[in-house]
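All remarks here apply to the structure that follows.
Nothing in this text is a laboratory measurement; each read-out follows from the coordinates by a stated rule. The shown structure was predicted, so the numbers you read here are calculated from the model rather than taken from an experiment. For neighbour counting, all protein chains shown are included, and Cβ atoms are generated from backbone atoms with ideal geometry for every residue, glycine included.
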Amino acid sequence: MAGNITLTMIKPEAVAEGNIGGILEMMNKGGFKIKALKLLQLSEERAKAFYEVHAERPFYQDLVNYMTSGPIVAAVLEKENAVQAFRDFIGATNPTEAAEGTIRAVYGRSLESNAVHGSDSDENAVIESAFHFSAEEIL
Ligand code: ATP
Ligand code: MG
């Protein structure tokens, strides 16, 4: 399965704005198959652990505060070459630079509130999927 999955999170502002359905629909129409899905709220401790790779970056604490500010949706998605295909599909980190028609261009609000997360490597896709889901929850 590795190589064909990626982990996404629909971020707090997109959930708060009522865009879960619109974003999941875009993912499905883009050929990404949902393998696991849940609504959850990250604790400070869990958010810090998820973003551990960014611990030294200046925006780390802001990112943790933001990602714990409300419910999010986590999902495992399947497609050939899923990690890169999904990063192309969501667009650049900053929504103002995201290509037209990408999820971040449509639903992103700012560099921080950029609607969705996407794994950045096959290795991290597996780690991040296991962070949010048990093996029994990935179908
Ligand atoms: P994600 O990991 O959420 O898919 P990404 O891989 O495009 O996004 P990263 O470099 O991993 O970008 O940054 C993680 C998140 O941190 C970004 O999605 C964004 O919300 C936030 N972020 C990144 N750079 C900055 C910055 N310079 N200032 C504030 N927030 C930032
Ligand atoms: Mg990233």
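Details
- Global form of the chain, assessed from the alpha-carbon gyration tensor, a/c cut-off 1.5: rounded
- Charged-residue dipole, Cβ positions (Lys, Arg, Asp, Glu), the chain about Cα centre, Debye nearest 20: 300 debye
- Three-way shape label, the stretch 1-53, alpha-carbon gyration tensor, a/c 1.5: oblate
- Along the chain, the exposed loop sites are GluC sites (Glu not before Pro) outside DSSP states H, G, I, E and B with at most 12 other Cβ atoms within 10 Å, and the longest stretch free of them is 1-55.
- Global geometry of the stretch 60-139, whether rounded, prolate or oblate, following the gyration tensor of its Cα atoms and the 1.5 cut on a/c: oblate
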